[in-house]
Amino acid sequence: MNLTHAHRRLMYAMRSNRHRAAQHVLSTAAAVVLWWAVARLFHLPAFLLPTPGEVARRGWQALQEGILWRHTWVTLQEVLAGLALGTLTATVLGYGLAKSRVLERLLAPYLVASQSVPVVAIAPLLIIWFGTGLLAKTLICALIVFFPVLVNTVVGVRSVPEELHDLFRSLHASRWQTVRYLEIPAALPVFLGGLRIGATLSVIGAVVGEFVAADSGLGFLINLARGRYDTALVFVAVFVLVGLALTLYGSVVALERRFLAWQAPSARSGAAQSSPGGELTP
Amino acid sequence: MNADTTPFLEVQHLGVVFPADGADLEVLHDVAFRVRRREFLAVLGPSGCGKSTLLRVLAGLLPPSRGQVTFPGHRARPRVGLVFQKANLLPWRDVLGNVSLPLTLQGAPRRTAERRAQRLIARMGLQGFEGALPRDLSGGMAQRVALARAFIHQPDLLLLDEPFTALDALTRERLWEELLRIWRAERTTVVMVTHSITEALLLADRVLVLSARPATVRLDMAVTLPRPRAEGLRYTPAFGQMARRLREAIA
């Protein structure tokens, strides 16, 4: 009996999908076992390295007490607000920079200089000016999201071929029509590549803000737990942060799948630009 | 009837100079010619002579440095259809979306736009490919889509910038026929830049030969070959004579 080509391809695809899922489970399991072994073999006390089981129990407990959810919700708010604010300003300003050489000459030095100052160094200032509430954290978050989104917006908008602009001009397209039918779709691949980086950075921004001064949030929870030598809780908070970042990243990847279906799967240029190949690209 | 004596398009003393450090680059120098309504004009010239610049001026994309381009019968700028050497399709729109783009930009209702697009797609022999994305089209198919797009808003003036250069010989010859058919049906005035003497003689009513940069009009020759012009025409003495005149003017 001969398998048809299509059959074979399908079976191969299924097998490789199952392979990949199995690989993920296997690598996670290996990491947990290694962690457990290190904690056990070296007889490390729980405040240095808790075992996976202790971390899981602590997480369950924090969940039931309600503190985990409360602090996660605070951080999530900061992250989402900061991501939205940073993306919005970066997109608007990025479009302006891409279209106007004058604006670029005026602003580029400041933008580049602003990137040479680590956010950690500016965070205390923002806390002094805007207090320890949501606003300051949102601003810190927005600040860290801002640059990668800005750069990719500029590159994306500039990547529109001149001949397509000629085409639109010859058809007397209005400014808004050119933006809607040409520049947005053409810039989207590179823009989403920037958003993917920004999304993960936004979580870092929120934690930086919370480390400097806060009375809630996952960054605050980490500080609190560290002070009490509750290392298991530190681990719990870190895992939740990782989960947040992965979810945001996955959301942008989902956006790419939805809006960039017109690209050949191998040519998702925005992805190629911002991250190495393999699992990091959609 | 002065419809034939009033030109559709009149180019007078047209000069284009690109400012550059040191010496300015003069691309077009005192170019003058007329095009009648529904005429098919081919523009020949050595490569880099400024043929594409001329086309950009005619399309209104580039203001002339000297002289003027007028459309005597028109109060406003006429509607223009553009086809480039590359198809220049929007990769995120399918064939139907690409062809109907000019009507969409004019604010035509979607149904109307799509119905007319469908008709042109069928005329270009692309039925069944309405939903295909540009990445799945061959070069010839993509250029057919570009031609359909250039005709959809019933332009008064069709500007073609070496539209068949990037295609293989067989596809090119089939597209010549399709262009002529659609040109006759839509009654459009055409200006086509090309570097192929054969293409100019098989398609055009008149051929303009430009000199090397800065370009001026070297020769303005009517093509007196009868239509329809079959492939075999290439091997007739009349064709050979005209081809020779053009070749001498270009050299």
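Read the figures in this text as sums done on the coordinates, not as results from a lab. Remember, it's a predicted structure, so these values are computed and weren't measured experimentally. As a convention, Cβ positions derive from the backbone with ideal geometry for all residues, glycine included, and neighbour counts pool all protein chains shown.
A compact table of results
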{"item": "A:THR75, A:THR200, B:THR104 arranged by Cβ crowding within 10 Å, fewest neighbours leading", "result": "A:THR200, B:THR104, A:THR75"}
{"item": "Beta bridges by DSSP in the protein assembly as shown, antiparallel share as percent, to the nearest 5", "result": "45"}
{"item": "Low-density loop cleavage sites - trypsin sites (Lys or Arg not before Pro) in the range B:161-244, where at most 10 other Cβ are within 10 Å (DSSP)", "result": "B:ARG187"}
{"item": "Prolate/oblate/rounded call for chain B, Cα gyration tensor, a/c under 1.5 rounded", "result": "prolate"}
{"item": "Hz values of 3J(HN,Hα) by residue in the range A:49-56 - Karplus curve (6.51, -1.76, 1.60), Gly and Pro given as x", "result": "8, x, 7, x, x, 4, 5, 4"}
{"item": "Residue-wise HN-Hα coupling along the range B:79-96, computed from phi with Karplus coefficients 6.51, -1.76, 1.60 (Hz; x: Gly, Pro)", "result": "5, 10, x, 10, 10, 9, 4, 8, 5, 6, 7, 7, x, 8, 10, 6, 4, 4"}
{"item": "Distance (nanometres) between label positions extended 7 Å along Cα→Cβ at A:LEU80 and A:ALA108", "result": "3.8"}
{"item": "Average Cα contact separation per residue, chain B, under 8 Å, 6 or more apart, as relative contact order %", "result": "26"}
{"item": "Rounded if a/c under 1.5, otherwise prolate or oblate - chain A, Cα gyration tensor axes", "result": "oblate"}
{"item": "Inter-chain Cβ neighbour average for residues A:161-169, partner chain, 10 Å", "result": "5"}
{"item": "Mean residue ellipticity (222 nm) of chain B, computed from DSSP H runs ≥ 4 via -39,500 (n - 2.57), nearest 500", "result": "-10500 deg cm²/dmol"}
{"item": "Gain upon complete extension [B:ASP168, B:ARG115; 0.36 nm per residue less C-alpha separation]", "result": "16.0 nm"}
{"item": "Neighbour-count ranking [beta-carbon atoms within 10 angstrom, fewest first] of B:ASP21, B:ASP168", "result": "B:ASP21, B:ASP168"}
{"item": "Summed residue charge, Cβ within 14 Å of A:SER251's Cβ, Lys/Arg positive, Asp/Glu negative", "result": "+2"}
{"item": "Value of D in µm² per second that Stokes-Einstein yields for the protein assembly as shown, Kirkwood Rh from Cα pairs, at 10 °C (1.306 mPa s)", "result": "56"}
{"item": "Computed helical MRE - 222 nm, chain A, DSSP H runs ≥ 4 contributing -39500 (n - 2.57), nearest 500", "result": "-27000 deg cm²/dmol"}
{"item": "Length-normalised contact order of the range A:50-280 in % [C-alpha pairs under 8 Å, at least 6 apart]", "result": "27"}
{"item": "Sequence-distant residues sharing a close amide H with B:LEU210 (under 5 Å, placed H)", "result": "B:LEU44, B:GLY45, B:ARG218"}
{"item": "Whichever lysines have a C-alpha closer than 24 Å to that of B:LYS86, once near sequence neighbours (fewer than 8 apart) are set aside", "result": "B:LYS51"}
